[in-house]
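Here's the structure, in structure tokens; my notes come after.
The values are calculated or read from the model by the stated rules, or taken from the named source; none is laboratory data. Please read these numbers as outputs of a predicted model, since none were measured by experiment. Neighbour counts run over all protein chains shown; Cβ positions are idealised from the backbone, glycine included.
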């Protein structure tokens, strides 16, 4: 088998099909003379809300800001507890802390990697006011159960949709189940800008109105400030580029699903733990994670054969230097196991089907090498 190079991500190739439309959009914005909260932002907000089946979309400067403003606008009592998965990216936890609230980590399901609804119940206290779900890797959480829990206990739901643009359950899209749906358009996302940006979805008239204040220093009328706000505006240039790419989001997601199908068909599920599949869910595979007890050796082997990978994520939140003090004495063994064994395979819009076939072939040879070297504690059945 001839060695080839398979990038994990190549943003130039990802965006190349859209260059001509990008240039027209940029030219239109520059020539308009209006560069902050203008027609490009309004257009993207309208079209993104419509795409998701949401009443309102409010553009902000980043995914972290979307989470932080989304929490802040709920005006929860100071030091309220917000339940959040223990294996999430650190931005989710940081948003809770920046909003003056207390993160309470909840272990994920071993199969979906999403927050475990049964463990949510176990963590609810008199101080619990919200659940922040994270639709990790492009798969929606069990929102039917989570919504039932939120109704039973009177808890708000905030959805971190940074990795789930277009993902759905029973034809209802990510970001439309709770009070707030927060999105990141970081360049590597399925709907990625050419810089940082984000957005918030909501069907709540009052929250939508307040968010327009919150993102602009707490002001709607210049120099008159009704709230302690933020400076967090979706840039006109980025909004125009996102409007271009939004037209192709379903095509991007379909391509990634095609690659995922090749991985599901080609990889040996007795050797690698593959993502959970459920026909009721439409997964958009922002990331395609596999798990293996010899993750680091596997990653090194793939790199030797030209296949570049990533680890999402090497260190869980409770072990991060800046966050340990919030979780002193707490243990999260499921999260630690996931962080120690997970590996993300190439599944970019720039990844070809031939690339995916090559990745499968290389992984098959890793199995053969293990057989020749003899199995022991390295086998999946023992360690995972």
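Could you tell me whether residue 240 is more than 26 Å from residue 144 (Cα to Cα) and either in contact with a strand residue (DSSP E or B) (Cβ under 6 Å, 6 or more places away or on another chain) or part of a helix (DSSP H, G or I) (or both)? Judged against the criteria, residue 240 is a match.
State yes or no: is residue 53 in contact (Cβ under 8 Å) with a residue 12 or more places away in the chain and crowded, with 21+ Cβ neighbours inside 10 Å? Criteria not met by residue 53. The single condition from (1) crowded, with 20+ Cβ neighbours inside 10 Å; (2) under 24 Å from residue 109 (Cβ atoms); (3) out of contact with any strand residue (DSSP E or B) (no Cβ under 8 Å at 6 or more places or on another chain) that residue 277 fails is (1).
Hey, among the residues in the range 251-297 that are part of a helix (DSSP H, G or I) and touching a helix residue (DSSP H, G or I) at 6+ places or on another chain (Cβ under 6 Å), which one's nearest to residue 17 (Cα to Cα)? By that ranking, first place goes to 259. Here 83, 105, 76, 71 are screened, and the one residue that is within 19 Å of residue 149 (Cβ to Cβ), part of a helix (DSSP H, G or I) and touching a strand residue (DSSP E or B) at 6+ places or on another chain (Cβ under 7 Å) is 71. Is there a residue in the range 113-135 that is within 13 Å of the chain's Cα centre (by Cα) and closer than 25 Å to residue 239 by Cα? Within the range 113-135 (the criterion being within 13 Å of the chain's Cα centre (by Cα) and closer than 25 Å to residue 239 by Cα), the answer is yes, since at least one residue qualifies.
Of the strands (runs of 3 or more DSSP E) lying entirely inside the range 118-231, those containing at least 1 residues that are at pLDDT below 95 span 219-221.
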